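Below is one structure, written out as structure tokens, with a few remarks after it.
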Amino acid sequence: MSHEPEDRPVPQSPRDLELRVNPIACDAHGVCIELLPELIVADPWGYPLIRPGPVPLRLQALARRAVADCPTLALLLAERPAGRPEAARRQVRPNR
């Protein structure tokens, strides 16, 4: 019986993804609103209002598509440790 460390990857803690918008970069094209109406609605001027909190797992693929399709790259996903909203966030961009 060997006590050598195994070469298997160590599981990472689960992480929540959260949508965020850069209001300075946003030009209110509305692409994100059309692609993800479950999480994003328009304000009276057509700019996105994002539901706070983590993106549900069932909507993460659509959220990544909305981020990728934003014409001004104003929409992004922020990754944070599960259950810790105050933790430092890392931006996640999907591969195109």
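For residue 17, the residues whose modelled amide H falls within less than 5 Å of its own, excluding neighbours fewer than 5 places apart on the same chain, are 55. Residues whose amide H falls under 5 Å from that of residue 42, counting only those 5 or more places apart or on a different chain, are 49, with hydrogens built in the peptide plane.
Just so you know, all these numbers are worked out from the coordinates, no wet-lab data involved. Worth saying up front: this structure is predicted, and the values here are computed from it rather than measured.
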